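Before any comments, here is the structure.
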Amino acid sequence: MKTTKEEYKKLAKDNTPRSPVLRDCVFAFLFGGAICSVGQALLGLFKALGAEEETAKTLVPCTLIFITVWLTGFGIFDRIARYAGAGTLVPITGFANAVVSPAIDNKAEGWVPGVGTKIFSVAGPVILFGTLASVVWGVVYYVMTCVMK
Amino acid sequence: MEVITSYLITFAVGGALCVIAQLLIDLTKLTPARILVAYVVSGVALTAVGVYEPLADFAGCGATVPLTGFGYALAKGVEKAVDEKGLIGALTGGLTATAAGIATALVFGYIVALIFRARPKEQIK
Amino acid sequence: MSVITLKKPVRIISSASVVGRHEHAGPLGGLFDFWDADDAFGMDTWEHAEAEMQRMALTFALNKYGADDRAIDAVFAGDLMNQCTSSSYGLLPFDIPYFGLYGACSTAVEGILLASLLIDGGHFSRIASVVSSHNCTAERQYRTPIEYGSLRAQTSQWTVTGAGAVILADGGDGAKVEKLLPGRTFDLGINDPADMGAAMAPAAADTLSRYFRETGTLPRDVGKIVTGDLGFRGYEMMVELMHREGYDVTNNYTDCGMLIYNREKADVHSGGSGCGCSAVVFASHFLRELNEGRLDSMLLIGTGALMSPLTVAQGDSIPAVAHLAKVVR
């Protein structure tokens, strides 16, 4: 073969069909912005219904997760996400979809080895590294407050 | 008028956070799972350096609904717990603050998994 | 290894194809023997569905030939699942000596190649070669859960839901396998699992250019050159690599992954892929073209990307292999 590894990598890179970045970003902006606005509307609604500030703030992500979980079950979420891209991935909806989709997918492998382990396949890393970062920050924060005193 | 402005801010900040992730996906081939992790960890870090709280006050759900907001909740949770309980709060605060979201996802994720089976992906544009 | 010319051409005496609904909706939809409206083929899991497709494909091929399984000396079968379970479970009902093959998406041609050699060697007189892939089983094993929402890369391909079976024999009627060229594994450093067309094109170009050099022929000396599943992306790479080897293939070269779906209507990015892609397009479309006299000869090149989710996760680049069979009227 006359083409070397380096030449081929360059050839493949130079000829990679470009993602429609502008279109993807417009969709991501519109869907992401819309989901956050729905969250804001829910916050107002919960407060109007008499929930306390903190409770209302907790209920917003829970409600968005609840909606996403059912949209995933009915097979609607992945069709939206095909266009929305990061617009549905980055809001809490993306986390919810990442929890429920492997759970549905692995039913045939049983409730413990299938659903039980796979439900954490994407949520697991998010919870792990989030907790890790928060504990590190907690220790630093503790030291800072001690020093301040 | 004030309500409309606040919604526009929410929309714009939330949308902008998504656009950053979209650029990362399109231009760096970073996988979605890595982006979710990066967003949560960034949320914790940005809260720690004092940047995220003003943003959350400014944009409301535009800052709290994206996954950086999950990191923000984790970081605020440990701060509160450390203030109340001392060092042990560093361990308890994060997951306590985010417990509702995680439990909702797990419980309803499980219930939906009981009910539905996966449908083949659609091809139609 | 050089080009093998069989002592006596091996005949492809029967063939059958079974596909899912997207393949049925494609440009070749009317040519397949059976399609299922919900891709489940009456089964409870996708893995069982894929196994059932293999069973159906071999059953149809046997029925068309008018024989039962005792007439077949061996079956070569493969798929994309771990340990090739779609093949072993799907072909369990047949009383035929079984050989499982893994050549990723090159398995369809790998099976034809090995079967032809064994028939040529004289120990076997009739061998069936069956392969399959299923979009849902492949998504589950190689990519993300089926209901997971994400934007797909421009270079990504759509795994074909399809099973193809051919029966090869030392006599009878049907298209003839005349020459064979086994492929070498090849790795030019592509490590993106969403860019398999580019990962496999060098293996295909290596095999095809060796074929032309050794036989002293040119692309125009054969009716059609057909690769298995390079897709639109891999096609571009293949044309450029062949150009660098000194051969212009643009006149009569095509790829099964470009033929199976309607790119205007279906959101398949770079086209179809999977074992089933080359198998069903060859079994339904190209064999018909040969048997009905619209095509004199073709070079069928099965292309396979030999990675696993584990090697991808460990950051290894993707090796590929491409086997060639010359099939004539």
| query | So, in nm, how far is label C:SER317 from label C:SER125 when the simple model puts each one 7 Å beyond its Cα toward the Cβ? | reply | 4.9 nm
| note | Using alpha-carbon coordinates alone, the radius of gyration and Dmax of segment C:105-235 in Å work out to 17.5, 52
| note | For chain C the translational diffusion coefficient, Stokes-Einstein from a Kirkwood Rh over Cα pairs at 25 °C and viscosity 0.890 mPa s, in µm²/s, is roughly 128 µm²/s
| request: Averaged over every viewing direction, what's the projected area of the C-alpha convex hull for segment C:4-169? Give it in nm², one decimal, please. | output: 10.6 nm²
| remark: Taking C:186-199, C:107-120 and ranking on average Cβ neighbours within 10 Å, highest first, one gets C:107-120, C:186-199
| query | Can you sort A:TRP137, C:TRP158 so the residue with the fewest Cβ neighbours within 10 Å comes first? | reply | A:TRP137, C:TRP158
| said: Sort C:ARG220, C:ARG288 by Cβ crowding within 10 Å, fewest neighbours at the top. | reply: C:ARG220, C:ARG288
| Shielding by partners - mean other protein chain Cβ count within 10 Å, residues of C:132-144 | 2
| query | So which GluC sites (Glu not before Pro) in segment B:26-125 end up in coil per DSSP with only 13 or fewer other C-beta atoms within 10 Å? | reply | B:GLU122
| Counting all C-alpha pairs of segment C:70-124, share separated by more than 16 Å (%) | 43 percent
| said: I'd like the FRET efficiency for C:LYS7 and B:ALA103, computed as 1/(1 + (r/R0)^6) with the beta carbon distance as r and R0 of 56 Å, rounded to 0.05. | reply: 0.20
| field | Alpha carbon centroid spacing (whole Å) that separates segment C:297-329 from segment C:240-294 | value | 14 Å
| request: Between A:VAL112 and C:GLN83, with labels modelled 7 Å along Cα→Cβ, what's the label distance in nm to one decimal, could you check? | output: 2.0 nm
| Ratio Rg/Rh [Cα only; Rh per Kirkwood] for segment A:19-148 | 1.06
| note | So the pair-distance distribution of segment C:269-314, from every Cα-Cα distance in 5 Å bins, comes to percents of 5, 16, 19, 19, 15, 10, 6, 5, 3, 1
| remark: For segment B:2-115 the mean separation of alpha carbon contacts under 8 Å (6+ apart) over residue count, i.e. relative contact order in percent, is 22 percent
| remark: Quick note on C:ARG329, C:ARG126, B:ARG119, ordering by fewest other C-beta atoms within 10 Å, gives C:ARG329, B:ARG119, C:ARG126
| message | Run lengths n ≥ 4 of DSSP H only: what is the helix-derived mean residue ellipticity at 222 nm for chain C, with -39500 (n - 2.57) per run over all residues, to the nearest 500? | response | -9500 deg cm²/dmol
| note | Placing each pseudo-label 7 Å from Cα in the direction of the beta carbon, C:ASP221 and B:LYS29 end up separated by a distance in nanometres of 3.8 nm
| task | Order these peptides, B:60-66, C:80-86, by their mean beta-carbon neighbour count within 10 angstrom, highest first. | result | B:60-66, C:80-86
| task | Report, as an integer, the average count of C-beta atoms from other chains found within 10 Å of each Cβ along A:12-22. | result | 5
| said: For the protein assembly as shown, compute Rg over Rh where Rg is the Cα radius of gyration and Rh is the Kirkwood radius from the inverse mean 1/r over Cα pairs. | reply: 1.06
| request: Determine the relative contact order of chain C: mean sequence separation of Cα pairs under 8 Å and six or more apart, normalised by residue count, in whole percent. | output: 25 percent
| task | Count charges around C:SER284 for me, please; just the other residues with Cβ under 13 Å from its Cβ, Lys/Arg as +1, Asp/Glu as -1. | result | -2
| said: How many angstrom lie between the Cα centre of segment B:92-125 and the Cα centre of segment A:25-94? | reply: 13 Å
| query | Around A:THR58, what is the net charge, scoring Lys/Arg as +1 and Asp/Glu as -1 over all other residues with Cβ under 15 Å from its Cβ? | reply | +1
| said: Can you tell me how segment C:95-155 classifies by the Cα gyration tensor, rounded, prolate or oblate, using a/c under 1.5 as the rounded cut? | reply: prolate
| request: Quick one: compute a quarter of the convex hull surface over the Cα atoms of segment C:176-328 and quote it in nm². | output: 9.0 nm²
| request: Could you calculate the FRET efficiency of B:VAL51 with C:LYS265 from 1/(1 + (r/R0)^6), where r is the beta carbon distance between them and R0 is 35 Å, rounded to 0.05? | output: 0.15
| task | Let me have the relative contact order for segment C:176-328, percent, based on Cα pairs under 8 Å that are six or more residues apart. | result | 38 percent
| task | Give the Cα extents of segment B:14-125 along the principal axes, in whole Å, largest first. | result | 54, 37, 24
| task | Under 15 Å from the Cβ of C:ASP69, count the other residues' Cβ atoms, weight Lys and Arg +1, Asp and Glu -1, and hand me the total. | result | +1
| field | Per-residue average of Cβ from other chains inside 10 Å of B:24-31 | value | 4
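Since every read-out is calculated from the coordinates, none of them should be taken as a lab result. For clarity, every value in this text was computed on a predicted model and none was experimentally measured. Neighbour counts are summed over all protein chains in view; Cβ atoms, including those assigned to glycine, are modelled from backbone coordinates with ideal geometry.
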